[in-house]
Amino acid sequence: MKLLITGATLPNGEVTDLLVENGRFAEASDSSKGATVIDASGLQALPGLVDLHTHLREPGFEQSETVLTGSRAAAIGGFTAVHAMANTSPVGDTAAVVEQVHSLGRHHGYVTVRPIGAVTAGLSGERLSEIGAMARSRASVTVFSDDGKCVSDALLMRRALEYVKTFGGVIAQHAQDPRLTEDAQMNEGTLSGELGLVGWPAVAEESVIARDVLLAQHVDARLHICHLSTAGSVEVIRWAKARGIKVTAEVTPHHLLLTEELARGYDSRFKVNPPLRRDEDVQALRSALADGTIDIVATDHAPHPIESKEAAWDDASFGMVGLESALSVVQLAMVDTGMLGWPDVARVLSSKPAEIGRLVGYDRAFAVGSRAQFTLFDPTASRVFDVSSLRGKGVNSPYLGRQLPGRVITTVHDGYPTVLDGELVDAATVAESAGRLDD
Amino acid sequence: MRHLLSTRDLDRETAIEILDVAEDMADVAIREVKKLPTLRNKTVINLFFEDSTRTRTSFELAAKRLSADLINFSAKGSSVSKGESLKDTAQTLAAMGADAVVIRHSASGAPRVLADSGWIDAAILNAGDGTHEHPTQALLDAFTIRKRLHGSASRGRDLDGVAVTIVGDILHSRVARSNVWLLNTLGASVRLVAPATLLPPGVEHWPVELGFDLDDAVDAGPDAIMMLRIQAERMHAAYFPSAGEYSRQWGLDDERFNRLRADTMVMHPGPMNRGLEISSRAADSGQSTVLEQVANGVSIRMAVLYLLLSGAVEQGRAS
Amino acid sequence: MTARVVLQPADITRALTRISHEILESVGSSASELVILGIPTRGVVLAQRIAAILESIEPGSGTVGSLDVTMYRDDLSAQPTRPPSPTQIPAGGIDGKTVVLVDDVLFSGRTIRAALDAIGDHGRPRAVRLAVLVDRGHRELPIRADFVGKNLPTSLDERIAVRLDETDGREEVTITR
Ligand SMILES: [Zn+2]
């Protein structure tokens, strides 16, 4: 398959044609003959987005999402790779489970699916899972996380940080002190007190991050902190980086845009872990992403069946879907506010998450010879985001009914299109394209 | 009024209207025929996800005195998951033609979810949701205070200048929250007294005075002192060390009761833990309004049911 | 829209005086057993005026109270919510008495039906009579007034407005088309 993209605007502002051949970028001047031409004039070309934090739910929770439906949601959002969290059933704590997820991803072909391995067996927080076996498996797991739960035992966390060094891996910590957040429902503050919802104090996140950066320093290991949500967490990360600790941090699109005020109507679409925080926190997270204290944006895409959200707040599940809306939300919160340019977006949503996850092929975007992973995005578009904007199984998006800027027009994964003219390429065609590459 | 979900969004005029209508309802309670035909052909459903014989009975009596058809729908112990059951139950009640649903739920905001859901078109009346609000309790408390102060000349009056002290587990109390908003709206000044562990986060932004010391609050001479029920289980979650220490620090014992002004009302939403947050002498004294509160509860609930279920059809509620 | 005055202040006073005499005539020697009950809002004012006239003619015959019928209406959901008004039954009660209900305008008869139900919940009078300032016709129930200030045949699209000094600051009955 040969693709010629004409008139695309690269992140650095350069307008150029791009030739894609045999899955890689090629010199556009020669041999463009016979290529399928995609007109990209006026569109922003971005390297394929890489999500370091996705819940694909398969195996075990296929009523919420599957590898296929989650991959489709990712592609329509401009992603070409996702890292699938281990809180499935069975848990992704063995080579067998992660290889299954990995191969499902390859088979469907919309995105590269990279399983994340559990840190502890069964996410129980009691003993390490088979980290080495997962690292050495065909899934080549590099990121380990008990996400959804915190590795709260300090000794276990220390051992995990040390042990993954053996395989060049990284621990991604879901920082939440379990005792300080028993029954917690929303950010602890004036609003939680008024609404009568059990508060989730910022310190429950910040204290774990503080402990873990010190542990990482002590054992000289890499540490990644999932979904920072408070201004205090930003301060801890800033302090740790200044001391040379090898810590990276992520923020979700929703924590860059939404505040706890949305809980006022008890609409459980806004119930998420970690909870939406105050406006001061949102502003601090934006600044930290802009100045590099926070390294990346990750979606924490968390689909749920409709009935688990159609309930009283206390009884509803935590989580929001985010793959389909991520780039638009980042544009709204960071680009349209002047805090990030498109090269920065390329960094926080593609090259840097790939680097943290040791995902190859994302370090030289658009360079001749590199794998062709990219998306064409129309930042001038504006749309009311609604259920029809979603492609996964979950409709638990906090943005339904909201005006959002920008729209993904084309996504190309490994040199073949997964999204064309703003719509998904059908599953059979994508699987066939993916299969041809494998041969 | 379409629903009654909280006192926080009641304006002064509406609050006084409810209290005034309750005065008329109280008049009915002292005549020979205690029943009014007002809500004939209306169906009121008591939907209690949490046990509360007192509140349920009070609503039941109120609905029956207004000749409504009253059905007790106990949702507790149902085998379906909680989330499913709220939606399914609501749709079931809608299909049965409920005109009003009186809901008690352990989750804060459940009545609001029901009102906003579109699952059911009935008027929703919050009979206590989690640690959020219990609006009819606050209304009956305000009614009780007004009646003690102004007797038969109560109609039309607010609570300007009245000082009310609320003591105890404010953090977990829906009664306290509803009272704070309503008393404030009616012009009363509210003082909260509790150990720091039992004050809600952000309480310093509430329209109240705060204190940790009950003795100071007693000596300030409030017009009414409201003792909240303390649940002994709280000590297991380290909110306070022991029932004994709680009682010594924050209980209305005989000694503190003696120091109160002779006309300070002693209030309690019930059920009381005698000897823990309130002494028997205080509870049984002439200053105690505990039984008046129970009687007034029926009048308030009649008033609210009347105001919710009469009146021209708003927002598509079927007539 | 034109409003036409059909009763002037003097007409209203005259009508109430005549009604008072007719009431006394109708009860003969048992005038002290009369209870005049006004239906809020303007019926209460009219009842008080009638009671005062009765009292001036025959002391002891002017026992007056008010009877709210809001809670007895059968058209609650067809009207805006209205708070009920107080009911004041005179100390002697109404058992065995002759109750004269007083209202400003008699129209469909539904208010009076509600009033009869309400009276039943307060006691058992010997007889119930009805006095109205204006009878405009269009009854929907078999109810008629015993004492009428003025019969005013109207069409359904006309509106009758009774205004009294105590409630409205002026005194007139108008008909508006
Ligand atoms: Zn997480």
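A Cβ distance below 8 Å, combined with a sequence gap of six or more or placement on separate chains, defines the contacts here; from the range C:63-74, residues that are closer than 12 Å to residue B:310 by Cα reach no residue that is buried (at least 24 other Cβ atoms within 10 Å of the Cβ) and among the charged types (D, E, K, R). Here the condition is being away from the ligand (no atom under 16 Å from the Cβ), under 26 Å from residue A:251 (Cβ atoms) and in the same structural domain as residue A:91 (by TED's automatic domain parsing); of A:179, A:138, it holds for A:179 alone. Scan the range C:52-65 and give yes if some residue there is in a loop (DSSP other than H, G, I, E, B) and closer than 20 Å to residue C:168 by Cα, otherwise no. No, every residue in the range C:52-65 fails to be in a loop (DSSP other than H, G, I, E, B) and closer than 20 Å to residue C:168 by Cα. Across the range A:249-277, the qualifying residues are those that are more than 15 Å from the ligand (Cβ to nearest atom) and in contact with a Lys or Arg (Cβ under 8 Å, 6 or more places away or on another chain), and the one among them that is nearest to the other protein chains (Cβ to nearest Cβ) is A:266.
How many residues are surrounded by fewer than 21 Cβ atoms within 10 Å (Cβ to Cβ) and without any contact (Cβ under 8 Å) to a residue 12 or more places away in the chain if we restrict to the range C:75-107? Total satisfying the criteria: 6. Look at residue A:197 and say whether it is part of a loop (DSSP other than H, G, I, E, B), at the interface with chain B (Cβ under 8 Å from one of its Cβ atoms), in contact with a Leu (Cβ under 9 Å, 6 or more places away or on another chain) and closer than 25 Å to residue A:309 by Cβ. Taking the combined requirement at face value, the residue satisfies it.
Checking the range A:218-228 against the condition returns no match, with no residue being buried (at least 18 other Cβ atoms within 10 Å of the Cβ) and part of a helix (DSSP H, G or I).
Yes/no per residue for (1) within 16 Å of the ligand (Cβ to nearest atom); (2) in a loop (DSSP other than H, G, I, E, B); (3) within 15 Å of the chain's Cα centre (by Cα); (4) among the hydrophobic types (A, V, I, L, M, F, W, C):
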| site | (1), (2), (3), (4) |
| --- | --- |
| A:293 | no, yes, no, no |
| A:329 | no, no, yes, yes |
| A:333 | no, no, no, yes |
| A:369 | no, yes, no, no |
| A:383 | no, no, no, no |
| A:404 | no, no, no, yes |
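Among helices (runs of 4 or more DSSP H) entirely within the range B:18-122, having at least 3 residues that are buried (at least 17 other Cβ atoms within 10 Å of the Cβ) and away from chain A (no Cβ under 14 Å) singles out B:53-65.
Taken as a whole, the condition of being touching a residue at least 40 places away in the same chain (Cβ under 8 Å) and either of a type in the set (Lys, Arg) or surrounded by 14 or more Cβ atoms within 10 Å (Cβ to Cβ) (or both) does not apply to residue A:61.
So in the range A:218-244, with the set limited to residues that are closer than 20 Å to residue A:167 by Cβ and away from the ligand (no atom under 14 Å from the Cβ), which one is farthest from the other protein chains (Cβ to nearest Cβ)? Checking each candidate, the answer is A:220.
Going by the conditions given, is residue B:204 of a type in the set (D, E, K, R), within 14 Å of chain A (Cβ to nearest Cβ) and farther than 25 Å from residue B:291 by Cβ? Yes, satisfied. You will find that of A:171, A:131, the residue that is over 26 Å from residue B:177 (Cα atoms), away from the ligand (no atom under 16 Å from the Cβ) and either outside the structural domain of residue A:284 (by TED's automatic domain parsing) or crowded, with 21+ Cβ neighbours inside 10 Å (or both) is A:131 and no other.
Residues that are buried (at least 21 other Cβ atoms within 10 Å of the Cβ), among the hydroxyl-bearing types (Ser, Thr, Tyr) and more than 15 Å from the ligand (Cβ to nearest atom) occur in the range A:96-117; there is at least one.
From the list C:176, C:154, the lone residue that is exposed (fewer than 14 other Cβ atoms within 10 Å of the Cβ), of a type in the set (S, T, N, Q) and in contact with a Lys or Arg (Cβ under 7 Å, 6 or more places away or on another chain) is C:176. Listed by first and then second residue, the pairs linking a residue in the range A:255-272 that is in contact (Cβ under 8 Å) with a residue 40 or more places away in the chain to a residue that is in a helix (DSSP H, G or I) and surrounded by fewer than 19 Cβ atoms within 10 Å (Cβ to Cβ), with Cβ atoms under 7 Å apart and 6 or more places separating them unless they lie on different chains, are A:270/A:262.
Among the numbered conditions (1) more than 16 Å from the ligand (Cβ to nearest atom); (2) at negative phi; (3) in contact (Cβ under 8 Å) with a residue 24 or more places away in the chain; (4) surrounded by fewer than 24 Cβ atoms within 10 Å (Cβ to Cβ), the only one that residue A:122 does not meet is (2). When the criteria are applied in full, residue C:139 fails the requirement of being touching an Asp or Glu at 6+ places or on another chain (Cβ under 9 Å), part of a loop (DSSP other than H, G, I, E, B) and not aliphatic (A, V, I, L, M).
Determine whether residue C:92 is in contact with a Leu (Cβ under 6 Å, 6 or more places away or on another chain) and in a loop (DSSP other than H, G, I, E, B). Considered against the rule, which asks whether it is in contact with a Leu (Cβ under 6 Å, 6 or more places away or on another chain) and in a loop (DSSP other than H, G, I, E, B), residue C:92 comes out as no. Residues of the range B:296-319 being more than 12 Å from chain C (Cβ to nearest Cβ) and at pLDDT below 95, which ones? Result: B:315, B:316.
Taking the criterion of being within 14 Å of chain B (Cβ to nearest Cβ), crowded, with 23+ Cβ neighbours inside 10 Å and within 16 Å of the ligand (Cβ to nearest atom), the only residue of the range A:295-318 that qualifies is A:304.
Would you confirm whether any residue within the range A:27-39 is in contact with a Gly (Cβ under 7 Å, 6 or more places away or on another chain) and in contact (Cβ under 8 Å) with a residue 60 or more places away in the chain? No, the range A:27-39 contains no residue that is in contact with a Gly (Cβ under 7 Å, 6 or more places away or on another chain) and in contact (Cβ under 8 Å) with a residue 60 or more places away in the chain. Could you grab the pairs with beta carbons closer than 9 Å, sequence gap of 6+ or different chains, first residue in the range B:166-177 and more than 8 Å from chain A (Cβ to nearest Cβ) and at positive phi, second one crowded, with 24+ Cβ neighbours inside 10 Å and charged (D, E, K, R)? Close Cβ pairs (under 9 Å, with a partner that is crowded, with 24+ Cβ neighbours inside 10 Å and charged (D, E, K, R)) amount to B:168/B:277. Looking at the range A:64-82, is at least one residue within 20 Å of the chain's Cα centre (by Cα) and among the charged types (D, E, K, R)? Yes; the residues of the range A:64-82 include at least one that is within 20 Å of the chain's Cα centre (by Cα) and among the charged types (D, E, K, R).
Any idea how many residues of the range A:71-86 are within 16 Å of the ligand (Cβ to nearest atom) and in contact (Cβ under 8 Å) with a residue 40 or more places away in the chain? Final tally of qualifying residues: 4.
Residue under question is residue A:175, and the condition is that it be in contact with a His (Cβ under 9 Å, 6 or more places away or on another chain) and closer than 23 Å to residue A:142 by Cβ; does it hold? Yes: the conditions hold for residue A:175. Looking across A:164, A:203, A:208, A:151, one residue alone is part of a helix (DSSP H, G or I) and within 16 Å of the ligand (Cβ to nearest atom). It is A:208.
The values are calculated or read from the model by the stated rules, or taken from the named source; none is laboratory data. The structure presented is a predicted model; accordingly, all values stated were derived computationally and were not measured. All Cβ positions, even for glycine, are placed from backbone atoms using ideal geometry, and neighbour counts span all protein chains on display.
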